[in-house]
Structure formats: C-alpha cells, structure tokens
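Student: Mind looking over this structure? Questions follow.
Bear in mind these aren't lab numbers, they're just calculated from the coordinates by the rules spelled out. Just so you know, these numbers come straight off a predicted model, no measurement behind them. Glycine gets a Cβ as well: all are built from the backbone with ideal geometry, and neighbour counts include every protein chain shown.
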Amino acid sequence: MDKYCKLHKIGEGSFGKAILVKSKEDGKQYVLKEINISRMSSKERKESRREVEVLANMKHPNIVLYRESFEENGSLYIVMDYCEGGDLYKRINAQKGVLFPEDQILDWFVQICLALKHVHDRKILHRDIKSQNIFLTKDGTVQLGDFGIARVLNSTLELARTCIGTPYYLSPEICENRPYNNKSDIWALGCVLYEMCTLKHAFEAGNMKNLVLKIISGSFPPVSCHYSYDLQNLLSLLFKRNPRERPSVNSILRKSFIAKRIEKFLTPELIAEEFSHRAFHKFGAHHVPAKRPAQGQISASPAPAQKITKPAAKYGVSLTCKKVVEMPKKFNEKKPPSRYKQAQQSPSKKVNPGEERRKMLEELARKRKLEYEREKKQREQINLLEQERVKRQEKERMEQINRVKEQGWRNVISCGGSGEVKAKRTVY
Ligand code: ADP
Ligand code: MG
C-alpha cells in the first residue's frame, strides 16, 4: 500500500471502494479497488488470490490492465489502469438524448466483443458486464473492466450483490435461478448494445418484481429504425430468452458487419493470436502491444494457428483451454511435397505421386483424428470437473440465497413499498 499515494475516491461499487492513486514508483495514476474479504473463508480467500493473480496476467488492448493485487488488513486490493475517459454509462448520459451514429456504436461494440472473446476463450465469465464497467481511455479506446472480481466474489455474494447493485443486466436464466453461464454474459452484452442504441435500459421497471417479469418475457421496445437491419437483428439474437439460442461472442465476431471492424482495433499479430482456433495459448506469458494498426492494413479474417498448449495444466481447472472442436481443413487443400523432394526421399522406388499423396493425406487424417480424440477426452474430463465446481458453487449460492432471502432481500424488495431498484438512469 505504501507504494501508492491515495488521491481521492472515484466511486463506490457493490464490492467496495474505487480509489484514484498515484504510484510512487512511476508517478502514474492508477485505480485501486479495495474489497473487504474478511468474511470469506480462508479457502475462498486463497482461491480469490490465485484467480486475481491469473487475471492480472490478462493482457488485451480492450481490457483494463490489472497491475497487481495484494492483501492488507482484511482487504483485497487490486491495482489497475486508470481510464481517464470515464465509463460508458456516463458517456451515454452525456448524450442528453442525442442518439449515437451506428458507426460509433459498432466501433465500441466490436471492442467490447474482442475483450469478451479474450475472456470467454479462457473459460472465464465476466459476470458483471454493464455500461458502468466499460471504460474509455484518453484516446477513445474502449476497455472492459472488473474482470474476474465478480467471478471471484460472486459465488457467494451474487444475489445479495444483485439486489444492491444494478439489476438491469440480469438474464432470464438468472431471474429463474438457473446457473450463470457464458450466454448470461452475452445477454448483458445485448443490454449494453441496446443502451448504446437507445440511451436507455432495455428492461426497466419500478420494482424488482416487474423488472424480473419484463426480463423473463424478453420483450423490449424496438430501437430506432435508422439503425441497420444487421444491428437490429443482432439485438434480437442477443436477447433470445433461451441462452442456447444466443450467439457466442465468437459467432458475433464472425458476422461480417462486425468482423470488418476488427482490424481497426487489433494489430495483425494480435488478430492471428486471438483468432487462432486454439485461442487459449501463451496465456499470461507475454505482453500484448495495445497498438492500432493503420486501417485496411490487414485482413480481418482469422488466421488459424497450429500451436497447441495445455493451459489447463498450467492454470488449474477453472481456466481451461478453449475446447472448440474444429474439424481439420479439407485435406486435399494441402500442398503435396514436390515431386523432386519425393524422388529424393526414395530414389530407388518408382514414385507414384497419386498413391504417395493419398498415403500422406491418410496419415495426416489419422494423426488429426488421434489429436481430436485426445482433446475430446481431455475436454470431457475438464467438463466433469467444471460441472462439479458449478454444483458446489450452486450449493453455496443457494445457501446464500436462503440466508439473504431470510434477512435482507425481502427488505430490499419491499423497501418503500415498491422496492425501487438502484441506479435508475435519470438523464436521457
Ligand atoms: P461497480 O461495482 O458498480 O462496478 P466499481 O467499484 O467498479 O463499481 O467502480 C466505481 C466507480 O469507479 C465507477 O463509477 C467507475 O466508473 C469508476 N471506475 C472503476 N474502475 C475504474 C477505472 N479503471 N478507471 C476509471 N474509473 C473507474
Ligand atoms: Mg465496476
């Protein structure tokens, strides 16, 4: 703590304070999140520490950079970059009802998607996507913040937090007490996109009960018809009530009207890295340049990577490698070795190029099949472990829900008769 000078408090979130600090080492300003963890069990605390350490290693131009974390006097401190442009919530309110151009919305949206992809590819859920957790840097880059804090803390505090926090981003499954999953983040992403389009929340109500009813019904006022069909259609996909029907962040990024913007925000190297089909590799071991390449410099189409690593082993089961199964490319697309080479390899045999090529392709197919089977097995094991973890978490959550229900939740909902929800947007 003595490495930093506290400047002033910039806000108070549901987990604790956010303080603007100045580093005594480099003179730069950072945000220090102070989270009271004294009520956590030592096991939970240990887990939090480990998770936050891993998150501190996540580097992406569209993610607020975590510098370090430490514990002092029963609090967990997380030091992260300070985003001078403030958060998207404030930016939206500053519009005073003037809608954003579609270009602006999509440029912001694609950056949020790139950040979310980086996280989802690593099997981490954000769990707290909202305009107040999306920041603008001095140069206008969008960065997603508060990664993992929610994940670390939410397992036991989720419902309590939801009640005192911002409930507009709750997905139907959470309202129905089903587990949080990656598509719940996608729902929240939809809420943010909708907010950028209308400057309003998609689902609003005077009390918690009506809000939940609206969310579950899945109906929301349409956005301005000035926005493209693509954009309107995307919103309707993000707001699918059934989580399975919502697109993954990767499939959103494959949509051509989104994909064509990627090259504006990531360097070619980063595109190749982020869009390799084994997206989880070299995690935490490198620094990513947050440079923007000149527009039109590269193709936005993802370059497949060959590298296969085992991050699960490195980081434990909660952070596992992406298990997207991509069938091998058409084998006959691969260039066969030149006849000259073949002749060199087996000079005594008469070479039948067709036969050689067929054999080679068969061998290649066999190898890939083996590799695929191996990955499938590994994936199944990881899924099993994950399922157990989710079950455990769910049990803890249910216990917490019951406790909260008994103590405070009824108070929150019935407070003021209607149980008015916090942080209602006032300026449009
Ligand atoms: P919440 O739990 O509601 O997300 P936070 O503690 O994350 O609350 O943030 C509280 C306030 O601090 C918010 O208004 C947010 O805009 C601001 N804030 C948080 N992190 C940063 C950051 N890295 N840069 C600039 N402002 C931040
Ligand atoms: Mg926040």
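Student: Which order do peptides 202-214, 126-138, 89-101 fall in by mean Cβ count within 10 Å, highest first?
Tutor: 126-138, 202-214, 89-101
Student: Then there is this: Give the aspartates and glutamates reachable from residue 43 as a straight Cα distance under 16 Å; neighbours fewer than 8 places away on the same chain don't count.
Tutor: Counting by Cα, and skipping residues close in sequence, residue 43 has these aspartates and glutamates nearby: 51, 53, 71, 396.
Student: Compare the peptides 74-81, 173-180, 359-366 by average per-residue count of other Cβ atoms within 10 angstrom and give them in order, highest first.
Tutor: Working: 74-81: 20.1, 173-180: 16.1, 359-366: 12.0.
Output ranking for 74-81, 173-180, 359-366: 74-81, 173-180, 359-366.
Student: Residue 85's amide H: which non-local residues (gap 5+, or another chain) put their own amide H closer than 5 Å, with H modeled 1.01 Å from N in plane and none for Pro or chain starts?
Tutor: 136, 137, 138
Student: So, with +1 on the Cβ of K and R and -1 on the Cβ of D and E, and no other charges, what is the size of the charge dipole of the stretch 1-135 about its Cα centre, to the nearest 20 debye? Spell out each step's value before the answer.
Tutor: Working: 24 positive and 20 negative charges, 69 e Å.
The calculated dipole for the stretch 1-135 is roughly 340 debye.
Student: Let me ask something else. Among residues other than residue 105 whose Cβ falls under 12 Å from its Cβ, what is the net charge (Lys/Arg +1, Asp/Glu -1)? Intermediate values should be presented prior to the final figure.
Tutor: Numbers: positive: 91, 261; negative: 102, 103, 107, 195, 230.
Once positives and negatives cancel, what remains is -3.
Student: What is the set of long-range amide H partners of residue 122 at a cut-off below 5 Å, with H atoms built 1.01 Å from backbone N?
Tutor: Placed amide hydrogens put nothing under 5 Å from residue 122.
Student: Please order 266, 253, 65 by the number of other Cβ within 10 Å, starting at the fewest.
Tutor: Numbers: 266 27, 253 21, 65 18.
So the ranking, lowest neighbour count to highest, is 65, 253, 266.
Student: Residue 82: net charge of surrounding residues, Cβ under 11 Å, Lys/Arg +1, Asp/Glu -1, itself excluded? All intermediate terms of the calculation are to be shown ahead of the outcome.
Tutor: Numbers: positive: 22, 28, 67, 138; negative: 81, 84.
Cβ neighbours under 11 Å give a net charge of +2.
Student: Distance cut-off 22 Å, Cα to Cα: go down the list 6/33; 22/117; 22/138; 96/255; 28/130 and report the pairs above it.
Tutor: 22/117; 96/255; 28/130
Student: Read phi for every residue in the stretch 168-178 and hand back ³J(HN,Hα) as whole Hz from Karplus 6.51 cos²θ - 1.76 cosθ + 1.60, θ = phi - 60°, with x for Gly and Pro.
Tutor: After applying 6.51 cos²θ - 1.76 cosθ + 1.60, I find 5, 9, 4, 8, x, 5, 5, 4, 8, 6, 8 Hz.
Student: What residues have an amide H closer than 5 Å to that of residue 68, excluding those fewer than 5 places away on the same chain, when H is modeled at 1.01 Å from N in the peptide plane?
Tutor: 79
Student: Is the shape of the stretch 228-276 rounded, prolate or oblate, going by the alpha carbon gyration tensor and its root eigenvalues a ≥ b ≥ c, with a/c under 1.5 for rounded and a/b larger than b/c for prolate?
Tutor: Numbers: a/c = 4.10, a/b = 1.76, b/c = 2.33.
Note, shape of the stretch 228-276 comes out oblate.
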